[in-house]
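The values are calculated or read from the model by the stated rules, or taken from the named source; none is laboratory data. The shown structure was predicted, so the numbers you read here are calculated from the model rather than taken from an experiment. All Cβ positions, glycine included, derive from the backbone under ideal geometry; neighbour counts span all protein chains shown.
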Amino acid sequence: MKWVRLGLQIIGAAALLALSVFGWMIYRDMTEHVGAAGKNDVLFILNWGGIKTDQEIRVIGSYRSPRNLTGDHSDSYCIQISKFDLADFAKDEWQDGPAANPILADALELAVNDARQRASCFPTFDEANSSAMKISFTSVVVHDGQATAADIILYAPETKMLYYVSFKT
């Protein structure tokens, strides 16, 4: 009888711990994070863009919106990098601005205008969609000719600034 009671206590404690961890994870995803990103939080952006990560990286500004059940979000990061050294696989992923495809240009406009509302370090749409910018459209989801989600990375060679914006509506 002692062992049964001890076993039930252990199971109860484990269940309580699991419930606490699950609750913390939900709370973390449902809160916004402003200016809280560090170097390790933005390495995925460099990896997606094929930019080598063995360099000096400084996060200038960041915004990560709360998540909801449908995945709607708006994230933006402004990152200072020391060099724009691309891996071989990524050289075809980047294009010089401005975006020639009107659907991609619309996605960029939506993304940049949204990012500027939350991160003052972000360039304007005219700056982002100019010949002074390199652009990588990591993903763009289109519904009825309108972008509803996108992951876009921008690089300004003059200032060595990397910009990332992700949204889903």
Determine whether segment 153-165 contains at least one residue that is of a type outside the set (D, E) and farther than 24 Å from K39 by Cβ. no
Residues of segment 114-137 classified as under 15 Å from the mean Cα position of the chain (by Cα) and polar (S, T, N, Q), total: 1
Does any residue in segment 120-140 that is on the phi > 0 side of the Ramachandran plot come within less than 8 Å, Cβ to Cβ, of a residue that is not acidic (D, E) six or more places away or on a different chain, and which pairs are these? none
Considering only segment 109-128, state which residues are in contact with a Gly (Cβ under 9 Å, 6 or more places away or on another chain) and either of a type in the set (F, W, Y) or buried (at least 20 other Cβ atoms within 10 Å of the Cβ) (or both). A119, F122, A128
Tell me, which strands (runs of 3 or more DSSP E) lie completely within segment 53-169 with 2 or more residues that are modelled with pLDDT under 95 and of a type in the set (D, E, K, R)? 57-64
Determine which single condition V42 fails, assuming it passes every other condition in (1) buried (at least 18 other Cβ atoms within 10 Å of the Cβ); (2) touching a helix residue (DSSP H, G or I) at 6+ places or on another chain (Cβ under 9 Å); (3) not polar (S, T, N, Q). (2)
